[in-house]
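The values are calculated or read from the model by the stated rules, or taken from the named source; none is laboratory data. Only a predicted model underlies this, so the values are computations on that prediction, with no experimental measurement involved. Neighbour counts run over all protein chains shown; Cβ positions are idealised from the backbone, glycine included. Only protein heavy atoms, including side chains, enter the accessible area calculation; ligands, DNA and RNA are left aside. Shrake-Rupley method; radii C 1.70, N 1.55, O 1.52, S 1.80 Å.
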Amino acid sequence: MAVTAKRITALVNGFMLQSLFLFLMTLTAAVTSKENELYIIALLVLVLKVVLIPYFLKWIARKIKIEEGLGLYINPILSLLIVIVLSYGAYMFSRNIMGIQNRVETASFAISLSVLLTGLFIMVFRMKALAQVTGLLIMENGLFLAAVELCGNMPFFVEIAIFFDVFVFAVIIGIFVFRINELFAHIDVDKLTTLKG
Amino acid sequence: MEIFAILGITLLLTSVPLFVKGARKTGIINSAGYFIVLAVSLILNYRLLHGRISFSDFFYVDSLSGYFLLLIAVVSFASSLYSIGYIESDVTDKAISEKESRLYYALFNLFAFTMFFCTVVNNLGIMWVFIEMTTLTSAFLVGFYKTQKSIEAAWKYIIICSVGITLALFGIILFYFTVSSNGGIRSLNWTDIMAVAPKLDPKIIKIAFLFILVGYGTKAGIAPMHTWLPDAHSQALTPISALLSGVLLKTALYAILRFTLIMNKSIGPGYTGNLFVFFGLLSLALSAGFIIAQKDIKRLLAYSSIEHMGIIFVGLGIGGPLGLFGALFHMFNHAVTKSLMFFGAGNIVKKYGTHNMRSIHGVTQALPFTGIFVVAGVFALGGSPLFSIFISEMMILIAGFTQGAYASMGIFLFLISIIFGALVYHFNRMAFGRKPEDMQATKEPLGGKLAFIFLAVLVIVFGITMPAFFDKLIKASVDILNGL
C-alpha cells in the first residue's frame, strides 16, 4: 500500500496501517510471553507510531500546502514488482545465507528485512522530503519487528531510548521540512543539487 | 567521579546562555568550562592507567574510551576558544542575531555532551541512541545560517546519517539475536557480550558486523558512504566544522571499534582487518580525486578528513602493536591539525567573503597571523617531517611493510603523496600572491589566536617528541585493542 501510493496522505496512511499491525504483533507477543515490559512497548507503538507521528506528518503536509503528489521516479506497478523481488531476495537471504534453521525465525527475519528494504526503496525513488521521512520511519518499523520477533525484545530502557529517539527525529525533521519549504518554496528533494563535487 | 564531572559541566554549560547576556561573556564562560573538562579528562586518563572504571553497569570507561574522551575534550576546548571571536563578529556583522548566538552555545554544549556520553556508556544500544543524537543536535548547527545551501546540507546530513544509523541498528539487533540465542544472556552491555564472545554464531556476527560497519561508517565518513560529509563540513559554522571533522567522525569510529573487539575475540582479527584496509584505501583513492579538482576551501578540508579517516582505517586494518599505535596516534594528530586548518579557513572565508579558492590570494598579507599558521598547517596536514602527522603515517607504513602488505602500502604511499602535492598547490596559490587592493590587514581576536597557538603547540610538540604520559595512554589503548 505504501509502495503504490501516489499521494502523501496515502503513504502516511500506509505507514499508519503498518504500525497498527506492529502494535497487534507486539500485543500478541506480550500476551503469549506475559512480560509486562512488552505491554508498555505495545502501548508506545500505538501512541507514537499509530497516532502521533502520522498525525504530525499529515499536519505538516496540510500546513505547507504542497500539492499532494509524491513525485514518483518509478510508477506504482513497477514499484510493486521491484518490492516483490526485494522481498523474495530477503527471504532467500535469511534462508540460505543466515543459516537460521527455525522456520518461524526465518519467516520473521525475512519479513523484517523486506520491510527494511521497502522503506529504503521509498526513500530512494520518491522525490518529496516527506516521503523520505516516511520511508525512514518504515525502515525503523522493520527493525522493530526484527527486535520483537527474533529477540523477544531488547533490554527495556534501550527500547524506550529508541522510541524517544524516533520521536525527536520526527520533530526535528519536521522543522527542517518547514525550513526547506520556506526557502525553496517546494519540498522536492531531487532539486536540492547546489552542493556538488 | 570524573565522568560525572565531565558530563555535568557540559550539561551545566548548556544552560549558561539562559542566564548570561552577551555573546562574548557566554563564550568566555564556555571556554573556561571546557578548560576544566580538559583538565578533568587528563586526570581521568591518568587514573585509567591503573585500571578500568565502571559504575553500576551503565557507565564503563577503560583506556580506549578515555583516549577518545581526551580527544573530544581537546578539540571542544580549542573550538570553544575560537567560537568567542567568531560568534561575536557574526553578531556584529548581523549574520546572526543575539538570540541565535545563545542558541548556538546551547547546541554546541549539547552536541559535546552527546559525544562525551557515547564514549562512557557500556550499553551498545544506548550508545546507538546517542550517536543518533549527535546527528540530530549537530544538524541545527550545520543549517545554522538558514541559507539555501546550508539547509540543503543539513537535510542531506540528517537523512543520509539516519539511514546509515538505521542499518547499524539492524546489525545491533542481529548481534543481540545471537547473544541471546547462542550466548544465553539477555543483555547489550559491552562487558557482558565480551564475556560470551567465543560462543556467538560466526556467520551471523559477520553479517551483523557488515551492517554495523556500513552504518556507523556512514557517520565516520568512510567512502562510499561519505556523501553527506563535504556538504555538512563546508556549510557548518567553522567551530562546528572542526568538531565534526576532528571528533564526531572518531566517535562513530569508537562505536565500530567496540564491535571490532567483540569480533576479534570471537573469530580472530583477519575478517575485520581486511574490511578496514579495503574501505580505508577506497576512501583514500576517492578523496584524492576530489582534492585535486576542488575549488571550495572548506570542501577541500572536508575531503582531506575522508582521506585521514582512510589512513586511520588502514592503520587499524594492518594492526599489530605498531599499526594500532599509529592509527590511534593519527586520530589525535588529525583532530588537532584539522581543527587548526578549519579555523584558518574560517578566518579566510570571513575576510574574503567567499569559499572559492580561485578568488582568494595573498592571505599572508591580508591576515598575517592566520597566514603563517595556515601555511605551516598545510604542510603538517600533508604529512611533512617535523609535524606530528608525519610520525603516525610513518608508523602505519612501517607496520604495513614489516607485515608484508606491499601492494596496499604501495597504493597508500602513492595516494598520500598525490594528496600532499594537491594540498600544497591549492594553499600555495591562496597564501601568496597579491592581496586585493582595497583590503586592509586586520587584527584578529585574542580567543582565536589562543586557539591557534594551543593547537599549533600540540602539532609541533608531538612531531618532535613523544611525551611519556601520552605514550603510556596510547599503549594502554593498544593493549585493549589487542584484547589484553
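Listed values, structure above:
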item	result
Residue in region B:56-65 that is assigned to a helix (DSSP H, G or I) and over 25 Å from B:LEU473 (Cα atoms) present	no
Residue identified as hydrophobic (A, V, I, L, M, F, W, C), open to solvent by 30 Å² or more (accessible area, probe 1.4 Å) and over 28 Å from B:ILE87 (Cα atoms) among B:PHE369, B:PHE420, B:PHE373	B:PHE420
Restricting region A:117-133 to residues that are facing chain B (nearest Cβ under 9 Å), under 11 Å from the mean Cα position of the chain (by Cα) and open to solvent by less than 50 Å² (accessible area, probe 1.4 Å), the residue that is nearest to B:THR178 (Cα to Cα)	A:GLY119
A:ARG179 more than 13 Å from the chain's Cα centre (by Cα), crowded, with 20+ Cβ neighbours inside 10 Å and more than 25 Å from A:THR106 (Cβ to Cβ)	no
Filtered residue count, region B:144-159, keeping only those that are more than 7 Å from chain A (Cβ to nearest Cβ) and either under 15 Å from A:LEU116 (Cα atoms) or among the small types (Gly, Ala, Ser) (or both)	1
Subset of region A:177-197 (residues that are more than 7 Å from chain B (Cβ to nearest Cβ) and within 22 Å of B:THR227 (Cα to Cα))	A:VAL177, A:ILE187, A:ASP188, A:VAL189, A:ASP190, A:LYS191, A:THR193, A:LYS196
Hits in region B:453-465 (condition: open to solvent by less than 60 Å² (accessible area, probe 1.4 Å) and modelled with pLDDT under 90)	B:GLY463
Residues satisfying the stated conditions in region A:102-116, i.e. part of a helix (DSSP H, G or I), over 14 Å from A:PHE15 (Cα atoms) and within 11 Å of chain B (Cβ to nearest Cβ)	A:GLU105, A:SER108, A:PHE109, A:SER112, A:LEU113
B:LEU107 being surrounded by fewer than 22 Cβ atoms within 10 Å (Cβ to Cβ) and within 7 Å of chain A (Cβ to nearest Cβ)	no
Set B:MET331, B:MET394: member being in a helix (DSSP H, G or I) and open to solvent by 40 Å² or more (accessible area, probe 1.4 Å)	B:MET394
Some residue of region A:134-141 being in a loop (DSSP other than H, G, I, E, B) and either free of Cβ contacts under 8 Å to residues at least 40 places away in the same chain or open to solvent by 10 Å² or more (accessible area, probe 1.4 Å) (or both)	no
B:VAL75 in contact with a Gly (Cβ under 8 Å, 6 or more places away or on another chain), among the hydrophobic types (A, V, I, L, M, F, W, C) and within 24 Å of B:LEU237 (Cα to Cα)	yes
Filter result (open to solvent by 10 Å² or more (accessible area, probe 1.4 Å), at the interface with chain B (Cβ under 7 Å from one of its Cβ atoms) and touching a residue at least 40 places away in the same chain (Cβ under 8 Å)) within region A:143-176	A:LEU150
Residue tally, condition buried (at least 18 other Cβ atoms within 10 Å of the Cβ) and either farther than 23 Å from A:VAL168 by Cβ or touching a residue at least 24 places away in the same chain (Cβ under 8 Å) (or both), over region A:30-45	5
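Table: residues versus (1) within 22 Å of the chain's Cα centre (by Cα); (2) of a type in the set (Phe, Trp, Tyr); (3) surrounded by fewer than 17 Cβ atoms within 10 Å (Cβ to Cβ); (4) more than 26 Å from B:ARG299 (Cα to Cα).
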residue	(1), (2), (3), (4)
B:PHE390	yes, yes, no, no
B:PRO436	no, no, yes, no
B:LEU446	no, no, yes, yes
B:ALA451	yes, no, no, no
